[in-house]
Amino acid sequence: MTVMQHVWIVLGVLFVLLNIGAGLIWVERRMLALWQDRLGPNRAGPLGILIVLADTLKLFFKEDWVPPFADKWVFIIAPAIVVASVLMSFVVIPFAPGIVVADLNVGLLFFLAMSSIGVYSIVLGGWASNNKYALLGALRGASQMIAYEVFMGLSLMGVVMMTGSFKLTDIVEAQRDMWFFIKQPIGLVIFFIAGIAETHRLPFDIPEAESELIAGYHAEYSGMKFGMFFIGEYLGITLISAMTATIFFGGWLGPEFLPGWVWFFTKTFAFILFFILLRASLPRPRYDQLMEYGWKILLPLVLANVMITGAVLLWLKG
Amino acid sequence: MPLLFYTSSVIAILATIMVITRYHPIHALLYLVVSFLAVAMIFLSLGAPFVAVLEVILYAGAIIVLLIFVVMMLNLGTDTATQEKQWLQPKVWIGPSLLALVLLSEMVILLMQGDNADMQVTPVEIKQVSISLYKEYIIALELAGFLLMAGIVGAAHIGKHKKKHLHRFLQEENLDAENKKMKQVEETVNN
Amino acid sequence: MPGSDVNNSVLWPLLLYAAVVAFLIIAILALSYILGQHHQDKATDQPYEGGIEQTGSARLRFSAQFYLVAMLFVIFDVEAVFIMLWALGFYELGWAGYIGVSVFIVQLVVVLIYEWGIGALDFGPDEKKIMRAYRRKIKNQSV
């Protein structure tokens, strides 16, 4: 590949991702409205799609407030970390054959490393705000995210065993005969649950539970700094959906009549819609329920999954 | 790629100096994260991507989070900062840092004089690491497992606390039980 | 720099990508600083506490339970990394490696059972205990 091709891939991937992130503002509101029997945004442009533009402009012109009681630079860095860590995770995802920013051979671990960096955005944002709600949200969010990070890594190990590689293109290629969700159903379920907890989306949005913590760790944020937490959340959904599609549903693989990237984005979009459906339908558990569910149910389950998968694979090999 | 190596090294050293000189614990920890990321880049440039990722997952992503948790919990805020300021007087640090500077300049001169041997980057396959760990070093691995076991048990006992605020039903029951005990004691005394 | 291969993959697009991301973030923050409003009113500089005035400092101290979660996480994360390493060389290691990792995982499970037993994994109020106390109370009242 030439140098220019690499540059185009880098810029193209970023362009597409930012557009998806912004577009989800509209998609989420319309879909929630559909499922809750409301109209949703419908004034600006056809089907209200220009709400994306209006919302972005509004956020840019809102007051850019750094509280005088806050820790100024940490307060500013926190929303930058969330966007940066999520965007960096996309580096290893193959969008189509050959369309990948850097096909690292530690791809899966790179993704886990970036999501462990993402914890800092919540901890630092909540701490720097110097606000009680923010601090409570930060503590809850951090303990939730670090707990589910362990299960997330372990849930993917069945796939790694079958592929023998951390490289995501190898994982996709290994699914030519059969997609991995058939062989690793428990891994898929645990990965997705951990993914919801990592992106702290409903029903696991405990760090920002509005009925008890106002807005949790970003209670003091306004303007585009709040907007970055917002976009970071949508990009996080996209990331988890893309990872699920790549690891368990064959990535770009699909019948020949459509190009690879169409299949990839179709699958990703299906999971994004599933995220939104979860938000529309499920109630929020308590903090202690979420933590106990993780340590007492998911951890034993994920260890059993690893052991049983290993035994079966070795036994089949003979 | 010497360029990547030297840039990351300089960043690592500068970040570590900042860790030592910051008065506020959270700021110091943030610089420590940068320092770990720089070390990860050094490993990456030396052809050890696995160690690089481990550096990020375990050091930057786990251990520093633990430290930040502790700082947040104890809220070592302005008091610690002023205390640090008192401790970090120039007369304390100027001697050792001057001596260290002399050593550093010696090292730089030696590096400049040495014949420009190319850095030998031999990428290590992660599979090799995996196989040697589970074949030759399996005993060490199991021992590490025991060590971690002891770590968790210790942490659990340090962090364990008796619940002070009980639910009202449980409180009532505790009171009832205590009353009963008192009555029994009284009865035995009376008898 | 195209020769800077780290195990068959070209590294410089990663650095370029990181640079573009950093540029975007700085641009967004700077633009919102320039475009956004800055005003100063009576209550602008008050922390938000549900509309009332702040009571006490927000620098609260927390229970050691959160420390325990972080500690558990650090240790389980280290163990998870070892298991990931095994999963990578799974076929090459065969049954010997499987037995090795089994011993390792069994240690993990034993610790988990122990933690469970001493109640280190109970995060909230114990519902069952409370319900039992409630039932006993009802019974005593009816008698």
Show log10 I(q)/I(0) for segment A:70-317 at q = 0.11 Å⁻¹, two decimals, from a solvent-free Debye sum over equal Cα scatterers. -0.58
If you count, for each residue, the other Cβ atoms within 10 Å and average over each peptide, how do A:145-155, A:38-48 line up from highest to lowest? A:145-155, A:38-48
Can you pull the mean other chain C-beta count within 10 Å for peptide C:113-120? 4
Where a Cα-Cα gap under 18 Å defines reach, which aspartates and glutamates qualify for C:Lys42, not counting those fewer than 8 residues away within the same chain? A:Glu63, A:Asp64, A:Glu220, C:Glu53
Calculate one ³J(HN,Hα) per residue across segment A:127-135 by plugging θ = phi - 60° into the Karplus curve 6.51 cos²θ - 1.76 cosθ + 1.60, and present them in order as whole Hz with x for glycine and proline. 6, 5, 5, 6, 9, 5, 4, 5, 5
Nearest 500 deg cm²/dmol is fine: what mean residue ellipticity at 222 nm does chain B get from its DSSP H runs of n ≥ 4 alone, each adding -39,500 (n - 2.57), divided by its residue count? -25500 deg cm²/dmol
Within a 10 angstrom radius of the beta carbon, how do A:Glu198, B:Glu178 rank from fewest other beta carbons to most? B:Glu178, A:Glu198
Please report the spacing between the Cα centers of segment A:44-81 and segment C:69-143 in Å, no decimals. 41 Å
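Within 14 Å, Cβ to Cβ, of A:Gly250, how many net charges do the neighbouring residues add up to if Lys/Arg are +1 and Asp/Glu are -1? List each step's numbers first, then the result.
Numbers: positive: A:Arg176, A:Lys183, A:Lys267; negative: A:Asp170, A:Glu173, A:Asp177, A:Glu256.
Counting the neighbours of A:Gly250, the net charge comes to -1.
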Using alpha carbon centers only, segment A:246-286 is separated from segment B:13-76 by a whole-angstrom value of 35 Å
Calculate the mean, over all residues of peptide B:30-41, of how many other protein chain Cβ atoms lie within 10 angstrom of the residue's Cβ. 1
Chain A: relative contact order in percent, alpha carbon pairs under 8 Å with at least 6 residues between: 23 percent
Fewest-first sequence of A:Ser211, B:Ser9 by Cβ atoms within 10 Å of each Cβ: A:Ser211, B:Ser9
Eligible lysines near B:Lys85 by straight Cα distance, threshold 29 Å, same-chain separation 8 or greater: A:Lys72, A:Lys132
Expected vector for segment B:122-130, Karplus 3J(HN,Hα) from phi with 6.51, -1.76, 1.60 and θ = phi - 60°, integer Hz, x for Gly and Pro, equals 10, x, 9, 5, 5, 4, 4, 4, 4
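Where does the charge balance sit around A:Trp35 when Lys and Arg score +1, Asp and Glu -1, over other residues with C-beta under 14 Å from its C-beta? Don't skip to the end; give the middle numbers.
On the way: positive: A:Arg29, A:Arg30, A:Arg38, A:Arg279; negative: A:Glu28, A:Asp37.
Value of the local net charge: +2.
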Separation of the B:Met107 and C:Leu15 label points, Cα + 7 Å toward Cβ, nm: 2.2 nm
With an 8 Å Cα cut-off and a minimum separation of 6 or more residues, compute the relative contact order for chain B in percent. 18 percent
Three-way shape label, the protein assembly as shown, alpha-carbon gyration tensor, a/c 1.5: rounded
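Under a point-charge model restricted to the Cβ atoms of Lys and Arg (+1) and Asp and Glu (-1), what is the dipole moment magnitude of segment C:33-143 relative to its Cα centre, in debye to the nearest 20?
That gives segment C:33-143 a dipole magnitude of about 920 debye.
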Report the relative contact order of segment A:1-154, percent, no decimals, based on alpha-carbon pairs under 8 angstrom and at least 6 residues apart. 18 percent
Once phi is turned into ³J(HN,Hα) by the Karplus curve 6.51 cos²θ - 1.76 cosθ + 1.60 with θ = phi - 60°, what whole-Hz value does each residue of segment B:90-101 show in order, with x for glycine and proline? x, 5, 7, 9, 5, x, x, 6, 4, 4, 4, 5
Quick one: if the Förster radius is 25 Å, what FRET efficiency do A:Ile76 and A:Val16 give, using the C-beta to C-beta distance and rounding to 0.05? 0.40
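Any read-out appearing in this document is the output of simple, stated calculations on the displayed coordinates, not a laboratory observation. Small disclaimer: the values here were computed from a predicted structure and weren't measured. FYI the Cβ positions are ideal-geometry reconstructions off the backbone, even for glycines, and counts take in every protein chain you see.
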